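The values are calculated or read from the model by the stated rules, or taken from the named source; none is laboratory data. Please read all numbers here as calculations on a predicted model, not as lab measurements. FYI the Cβ positions are ideal-geometry reconstructions off the backbone, even for glycines, and counts take in every protein chain you see.
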Amino acid sequence: MSGTPPRASSGLPATFWWLFAGQGVTAIATFVFPFLALFLGSRGLSPGAIGLVAGLYGAGSIPAGPWVGSLADRFGRRTTLLVALVIAALLTALLPLLTTTAALVFDVLALGLAVHAYFPVMNAVVADVLPEDRYVDAYGLLYWERNVGLALSFAVGGGLAVHGYARLFLADAATTFLFACLVFSRVPETRPPLKARRGEPVRGFREVLGDRDLLALLGLLVAFLLVLFQFMVALPIAMSFLGLGPRDYGRAMAVNGLMIALLQPAAARFTRGRDEGKVLALAALCAGAGTGCYTLCQTAFEFAAATALWTLGEILTLPTISALVSRLAPPDLRGRYQGLLGLCFGLGLTLAPALGGVVLGRLGPRWLWTGSAALGASLAFLQLWAGRARARRIRG
């Protein structure tokens with residue numbers, strides 16, 4: 001028998017592949033996220049108002065995870081996923097029909113909540129139907145597909161946008177509804193049966209928040225995202241200080257998408273069977289080194305090379321984190337555990353641009369990039385420390 005490890009895609013159950021197909025359909029038409037700012041501008045909003053309204057889309061991810069995770073544990077994965085997808089489709093279709101700022105604000109906030117709601121539920125389904133040793137493979141494939149789909153959305157959406165945003169957003173809504181149809185027809189309920197003992201309530205967030213290993217893991221993740229998500233606001237501004245424009249920034253970020261598409265399958269093979277604490281420590285070093293290297297960059301090529309370095313940290317971290325949260329979660333609390341993971345990404349999306357902008361404006365890019373490098377190095381040591389206790393629990 002060969003000692004060669006199986007391919008990441010081999011042996012995964014049909015339920016996973018139906019989720020993978022549904023996400024793939026909607027991923028290639030993810031148009032609201034990349035084109036929301038331009039759409040709001042076409043409605044006559046000022047740049048400041050555009051920033052505030054668009055920020056609500058990301059803010060919706062903060063309450064979405066815990067709330068929907070709780071629903072998935074209590075009422076079932078399938079029902080919760082269906083409701084989230086249908087609501088997201090309806091709100092997306094409604095968006096181009098709205099004319100008042102108040103209506104746009106409400107729709108964007110609700111849409112942000114609905115769109116970010118189905119990722120924790122999908123993660124819980126994966127944990128329900130797969131053995132623990134396949135978690136990284138499955139989450140890696142879903143992460144790879146989302147990023148490839150988003151890259152295609154930028155390319156396809158740019159062509160459709162010239163014909164108006166209504167057509168663009170209706171296509172997004174249609175593919176999201178098609179995903180809901182696939183869930184309705186092909187994805188069974190996977191939630192383990194609730195087994196509350198007589199006289200004892202069904203467990204909830206009190207037990208989740210008492211898990212010190214989980215809280216340590218998620219706290220380190222938020223700190224990691226403060227480094228990783230500096231590409232959103234600080235990077236293009238810092239590049240503009242050097243006379244580099246949007247095209248140069250776009251090329252640097254294209255390296256991120258290309259590397260994820262090419263390297264994620266290989267990363268799953270690299271991380272399989274390895275100590276997760278060491279993997280996350282290596283990822284933190286890559287993220288810190290990549291952002292730290294921005295201090296030395298002067299040309300578009302140099303910024304692209306530094307982006308490639310921190311992208312390695314992203315590739316190593318995100319599937320590994322999802323798998324670790326699933327391993328730590330008791331079966332009856334998987335939705336809540338994944339919901340807290342979603343909340344952490346929402347915090348990262350909210351805090352990283354704000355903090356990066358403040359540091360950049362008051363202290364300049366050198367302090368921001370060197371500070372990010374120092375934080376990445378510190379996180380590497382903390383990941384090794386936290387990983388020891390977590391490994392004893394998982395393997396014991």
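A single member of L347, L340 is crowded, with 21+ Cβ neighbours inside 10 Å and on the phi < 0 side of the Ramachandran plot, and it is L340.
What about L333, is it assigned by TED's automatic domain parsing to the domain that holds A306, buried (at least 16 other Cβ atoms within 10 Å of the Cβ) and in contact with a Lys or Arg (Cβ under 7 Å, 6 or more places away or on another chain)? Spell out how you get there, then give the answer.
Working: assigned by TED's automatic domain parsing to the domain that holds A306: yes; buried (at least 16 other Cβ atoms within 10 Å of the Cβ): yes; in contact with a Lys or Arg (Cβ under 7 Å, 6 or more places away or on another chain): yes.
So L333 fits the description; yes.
Of the set (1) in a loop (DSSP other than H, G, I, E, B); (2) closer than 30 Å to T370 by Cβ, all apply to R203 but (2).
Are there any helices (runs of 4 or more DSSP H) wholly within segment 38-103 with 1 or more residues that are under 21 Å from A354 (Cα atoms), and if so which?
Passing ranges, in order: 47-59, 61-75.
Looking at segment 104-142, which of its residues are β-branched (V, I, T) and not in a helix (DSSP H, G or I)?
Residues of segment 104-142 that are β-branched (V, I, T), as a first pass: 105, 108, 115, 121, 125-126, 129, 136.
None; the set is empty.
Considering (1) surrounded by fewer than 24 Cβ atoms within 10 Å (Cβ to Cβ); (2) more than 24 Å from S42 (Cβ to Cβ), the lone condition that A102 does not fulfil carries the number (2).
Filter segment 134-179 down to residues that are of a type in the set (G, A, S) and buried (at least 22 other Cβ atoms within 10 Å of the Cβ), then give me how many there are. Don't jump to the end; show me each part of the working.
Taking segment 134-179 and keeping what is of a type in the set (G, A, S), we get 138, 140, 149, 151, 153, 155, 157-159, 161, 164, 166, 171, 173-174.
With buried (at least 22 other Cβ atoms within 10 Å of the Cβ) added as a condition, the list becomes 138, 140, 153, 157, 173.
Qualifying residue count for the region: 5.
Condition check for V108 on (1) farther than 30 Å from T190 by Cα; (2) surrounded by fewer than 20 Cβ atoms within 10 Å (Cβ to Cβ); (3) within 19 Å of the chain's Cα centre (by Cα); (4) of a type in the set (V, I, T): one failure, at (2). Taking segment 1-27 as the range and being in contact with a Gly (Cβ under 7 Å, 6 or more places away or on another chain) and at pLDDT 85 or above as the test, the residues that pass are G24, A27.
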